[in-house]
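The values are calculated or read from the model by the stated rules, or taken from the named source; none is laboratory data. Fair warning: this is a prediction, and the values are worked out from it, not measured in the lab. Because the Cβ atoms are built from the backbone with ideal geometry, glycine has one as well, and the counts that use them run over all protein chains shown.
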Amino acid sequence: MSQLKAWRSAIIHCIADPKEVGVEQAYEYFEDGMLIVKDDKIQAIGHAADLLPTLDCDTLVEHHPDGLITPGFIDTHIHYPQTDMIGSYGEQLLTWLNTYTFPEEGKFHDKTHARDVADRFLKELLRNGTTTALVFGTVHKVSVDAFFEASEVHNLRMICGKVMMDRNAPDFLTDTPETSYQESKELIDTWHNKGRLHYAITPRFAPTSSDEQLKLAGKLLNEYDDVYMHTHLSENKDECAWVQDLFPESKNYLDVYDQHKLLSERSVFAHGIHLCDSEYHRLHETGSAIAFCPTSNLFIGSGLFKLNKAEEHKVNVGMGTDVGGGTSFSMLQTLNEAYKVIQLQNENLSPIKSLYLATLGGAKALRLEDKIGNLAVGTEADFVILDKKATPLLSSRLALSKGIEESLFVFMTLGDDRAIKATYSAGQCVHQR
Ligand SMILES: [Zn+2]
């Protein structure tokens, strides 16, 4: 028996990149809207006045007069094993890894620990309205098993991979080129495309992989049509200098990955702050994407992401929280910081572009726009109900806003997990405040 359910509320979703079609053409907004879901997919979206008469009298309609429905948020770069080290003080990237990250990741050889953190991590994502994420595991194969098992419970569309790391890290966190290839392959065969799950081949970043390991990562990527590649790129200036020392043959940082055949339509590079024109060009040419992680870039003092450069070169961009370098699981707070990063470069990030980056833009970066990213008919029913009365300040400020774009901007500036009233994945409620 298929099941029909409807939600009546204000609804907004993006249908294109505002950079390409202009802000007005980039979104649909229904002030008194209706979303109809059949089983796990969107069956209809529109004005309540038009859709209400199409429903049988026994169809369940949930009414949220103070709500705003958006697509579920998409986080294109996050580390689940760093959940418990969020908010660690005082370091930039390379010392931060040694001081905080590596000791924490060492705990994930224990599957019970990994599963406990994975469960809490997913709960936190859902409390914040994030329904899909591209996620780092640790070097331990069991860390990925634990993550996917936890994701399956909620039927979430999630992407994860085992870290490949064979040098410049403590012994308890290193694998070898051969074991990393073999274990990644086994994980792909077990988990990739199982239900809503996907696998990402995940070298941590160039400095912690030998040439041989990167070569095998590239080989593995080319053995499958649709697995992902997920790594870091040009986050911090000392890191960039180190990469030049370690790989003297490479033209630039991206070229290290390029030489090892790691650029593809399903390759996502976190950060990409200090890039030259030829790197943007090559990212565009290969259909690779960048994850823009503003809270992390500010917190670890890495630098300001140049969204205009990525747009100029037509590089796909999604938003990333980069927890635990990032300081919030909330996509609303991540967009708040993104706005400030762009302000510091004397430009504006419009609320519609922000919504796009956190939803449809992220889906496009992950090549999943036919399944998630907006509320188009036939897509999977991953959505969020925001609450205009979540806090006294939100309530009073939103009462004064003069339209949906301003309201959206206020949500992104003042909103956080408290603003998320409910989160749905494939039509099922996975979080309710
Ligand atoms: Zn990261």
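Numbers below:
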read-out	value
Hits in the range 137-147 (condition: surrounded by 24 or more Cβ atoms within 10 Å (Cβ to Cβ) and either among the basic types (Lys, Arg) or assigned to a helix (DSSP H, G or I) (or both))	Ser143, Val144, Ala146, Phe147
Sole residue being in the same structural domain as Asp238 (by TED's automatic domain parsing) and assigned to a strand (DSSP E or B), chosen from Leu125, Leu134	Leu134
Residues that are within 24 Å of Ala16 (Cβ to Cβ), part of a loop (DSSP other than H, G, I, E, B) and within 16 Å of the ligand (Cβ to nearest atom), drawn from the range 311-327	Gly320
Subset of the range 148-170 [assigned to a loop (DSSP other than H, G, I, E, B) and touching a strand residue (DSSP E or B) at 6+ places or on another chain (Cβ under 8 Å)]	His154, Asn155, Leu156, Arg157, Lys162, Met165
Test: residue in the range 126-133 that is at pLDDT 95 or above and more than 30 Å from Ala390 (Cα to Cα)	no
Helices (runs of 4 or more DSSP H) within the range 357-433 that include 1 or more residues modelled with pLDDT of 95 or more and under 26 Å from Phe269 (Cα atoms)	360-365, 404-414
Gly106 being away from the ligand (no atom under 16 Å from the Cβ), assigned by TED's automatic domain parsing to the domain that holds Ser288, surrounded by fewer than 21 Cβ atoms within 10 Å (Cβ to Cβ) and without any contact (Cβ under 8 Å) to a residue 60 or more places away in the chain	no
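For every residue, the table says whether it meets (1) within 15 Å of the ligand (Cβ to nearest atom); (2) touching a Lys or Arg at 6+ places or on another chain (Cβ under 7 Å); (3) in the same structural domain as Gln92 (by TED's automatic domain parsing); (4) at pLDDT 95 or above.
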{"site": "Asp166", "(1), (2), (3), (4)": "no, no, yes, yes"}
{"site": "Pro170", "(1), (2), (3), (4)": "no, no, yes, yes"}
{"site": "Asn193", "(1), (2), (3), (4)": "no, no, yes, yes"}
{"site": "Thr202", "(1), (2), (3), (4)": "yes, yes, yes, yes"}
{"site": "Gly218", "(1), (2), (3), (4)": "no, yes, yes, yes"}
{"site": "His230", "(1), (2), (3), (4)": "yes, no, yes, yes"}
{"site": "Ser234", "(1), (2), (3), (4)": "yes, no, yes, yes"}
{"site": "Cys240", "(1), (2), (3), (4)": "no, no, yes, yes"}
